[in-house]
Amino acid sequence: MITIDIAVNDQGWPDAGSLEKLAVKALEATITRLDMLNAASELSLVFTNDAEIRRLNAEWRHEDKATNVLSFPAFPVKAGERSGPMLGDIILALETVKREAQAQGKTFNDHLSHLIVHGLLHLLGYDHENDQDAEIMERLEQEIVHTLAISDPYAVFSAD
């Protein structure tokens, strides 16, 4: 079981209860797919804004721009390994999530769910730094969000 600590640092987000319900579904789908149902870990979800995520992105990744999600693992884990007692932090930026969802013709909740899955996979050692790793991670994301009745997040979309 994964215990979630939620912090909502921007008033524009839905209420913490709604965010927790959405996050639990995304996390359960991920740990089920990865056969980690017996894992006992904690993670922190921080729902913030573009200004805060830009600051963190600049400080930790040396990229002075906002991004949709950042993941900070508590301990290094290789993809496929069991997690430790603390997974780390997933931080999401409200304005970017909203903007991307609208531009891609997705619902806010579907896009947010996908980004939580994406962030958790990063905490579990998955990455997309090279083509081979990206293919593995994206396939997992597609499979996981499919179980949540969410369309393929990497399908080509057309803006009307």
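Every read-out reported here was derived from the displayed coordinates using simple, explicitly stated rules and does not represent laboratory data. Source: prediction; values computed, not measured. No Cβ is skipped: glycine too gets one built from the backbone with ideal geometry, and neighbour counts run over all protein chains shown.
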Completion exercise
Per-residue Cβ contact counts at 10 Å, fewest first, order Thr30, Thr48 as Thr48, Thr30
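Scan the chain and report its longest stretch carrying no GluC sites (Glu not before Pro) that are both in a DSSP loop and have at most 15 other Cβ atoms within 10 Å.
Details: sites that count: Glu63, Glu81, Glu129.
The segment 1-62 is the longest one with no such site.
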Handout entry: Residues Leu87, Leu115 arranged by fewest to most Cβ contacts within 10 Å
Key = Leu115, Leu87
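Local charge sum around Tyr154 (other residues, Cβ-Cβ under 9 Å, Lys/Arg +1, Asp/Glu -1)? Can you show the working numbers first?
Numbers: positive: none; negative: Glu138, Glu141, Asp152.
Every neighbour counted, the sum reads -3.
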Practice task
At q = 0.19 Å⁻¹, work out log10 I(q)/I(0) for the chain with the Debye formula, treating every Cα as an identical point scatterer and leaving solvent out; two decimals please.
Solution key: -1.34
Problem - Among Gly17, Ile144, Ala74 - extreme Cα towards positive end, dipole of the chain, charges at beta-carbon - result: Gly17
